[in-house]
Each structure stands twice: as structure tokens, then as C-alpha cells.
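Visitor: Before anything else, here's the structure in question.
The values are calculated or read from the model by the stated rules, or taken from the named source; none is laboratory data. These numbers come from a predicted model, not from an experiment. Cβ placement follows ideal geometry from the backbone for every residue including glycine, while neighbour counts extend to all protein chains displayed. Only protein heavy atoms, including side chains, enter the accessible area calculation; ligands, DNA and RNA are left aside. Shrake-Rupley method; radii C 1.70, N 1.55, O 1.52, S 1.80 Å.
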Amino acid sequence: MAVSNIWVFLELEEDHFEEASLEILGQARKIADRFGHEVTGVMIGSQDPGLCNSAIKYGADNVIFLKHEKLNEYGTETYTKALFDLVRKKKPDSFLVGSTRSGKDLAARLAARLRTGLAANVVSLDSDEEGTIFSGVPGYGSKVIARIVCVKNKPQMSTIRPGIFGKPEENSSRTGHVEIIEPNLE
């Protein structure tokens, strides 16, 4: 299953990105660059969308900001509904989420609603010549790393451990597209 559009959930911590989100964004950028694919960052909240441009400087080609007053703080149901509707509409190939407390909760709910697989607690991300993403998941007390790929349903979903990839360098010359959407949360 080749990947042409990799999404990264950009988790916000007050007025900045959770470090894991930027780490994943950097690794997604490396994978996408090998095949000429796009990386889309997805932010949720009610604050000023100024961080969208920062996500582009860290590697996103596009940023989708789901902006709504009910999304000011993390809530499992509201975040899941907003993302579920967006993913069903835009149909990304892959969706990567930080393995943070909120990220694990959100990714599991979203994967269940989308009826797709979820590789949890991933410690490596790679791809083959066709652009298929493989998520490395530790097993047997971390003695082996299983390569997981979701071949039936899209998006491929993974939660990635923080601290695995390192934060990418900010590139102030990068440009991209920002889309602000007010989701229907009724």
C-alpha cells in the first residue's frame, strides 16, 4: 500500500507543540522526501492559528487546523468526532500520532471508528521503494522489532514513542498551505 499523503497529529501543549509531534513531523518529512509525497500536519484547538506556520517550518507541506471553541482543551469525544469527519472526507494514506497520554487515547478511538489498524508504541518508521510505511513495534522485552503495515484499510495509523527521532531543524524558508476548518461538533 503506497503512501502519498502522510498526516501527523500536531498535539498542542498550551502555546507550543508537544515535542513528540515535531519529532514525528521530521521523520514523516524524511519518508515523504524520498518519494515526493506530502506531509500534512493536523492541529486542533480554538487558539490563534499562528502555530500553523511553525509546523510548516518544521516540515509540513500543509496544515489543517480544526478550530472550534469546544476544542480548547482535549476531550476524547470532541477530538475524535472532529478528526473522524475530517479523515473520512480527506482520506489520508497514513496518520501518525505521538504516543502521549492524549495521543494514545485519541488514536485508539479514531482507529476503532475508522475500522482500521493501529500500530501502538512504535519505535521506528521506515518505508520501502513503493512508499509503504512500516511501523517498528518492540516485542519480547524489546529483543525484536516487528515491522507492522496495515494493508487493508486506510489510513495506516501508528502511535510513536516520544524521544525516538529527535526534533528536526526549523527551516524558515519553507512555505506551505494552511486550511482552517470549523468542524461540526453537533
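Visitor: Let me check something: with ligands and nucleic acids excluded, how do ARG34, ARG115 order by accessible area (1.4 Å probe), largest to smallest?
Guide: The ordering from most to least exposed comes out as ARG115, ARG34.
Visitor: Starting from 0 in steps of 10 Å, tell me what percent of the Cα-Cα pairs of the chain lands in each bin.
Guide: 10, 41, 38, 10, 1
Visitor: State in Å² the accessible area per residue of the stretch 56-186; use a 1.4 Å probe, count heavy atoms of protein chains only, and round to the nearest integer.
Guide: Value returned for the stretch 56-186: 54 Å² of accessible area per residue.
Visitor: R0 = 45 Å: FRET efficiency of SER142 with GLU186, Cβ-based, nearest 0.05?
Guide: 0.50
Visitor: Could you work out how far the C-alpha centroid of the stretch 77-126 sits from that of the stretch 164-185, in angstrom?
Guide: About 17 Å separates the Cα centre of the stretch 77-126 from the one of the stretch 164-185.
Visitor: Which residue, ARG29, ARG101, ARG109, tops the fluctuation ranking in a GNM of the chain built on C-alpha contacts under 10 Å?
Guide: Taking springs between Cα atoms under 10 Å, the residue moving most is ARG101.
Visitor: Before rounding to the nearest 500, sum -39500 (n - 2.57) across all DSSP H runs of length at least 4 in the chain and divide by the residue total; then give [θ] at 222 nm in deg cm²/dmol.
Guide: Roughly -9000 deg cm²/dmol at 222 nm, from the helical runs in the chain.
Visitor: Counting just the Cα atoms, what span does the stretch 1-57 cover along each of its three principal axes? Round to the nearest Å and put the largest first.
Guide: 35, 20, 17
Visitor: Computing the accessible area with a 1.4 Å probe over protein heavy atoms, can you report the carbon and sulfur percentage for the chain?
Guide: Within the chain, the accessible surface is 46 percent carbon and sulfur.
Visitor: Return the subset of LYS30/LYS90; LYS91/LYS167; LYS104/LYS152; LYS81/LYS104; LYS81/LYS167 for which the Cα-Cα distance in this structure is over 25 Å, preserving the input order.
Guide: LYS91/LYS167; LYS81/LYS167
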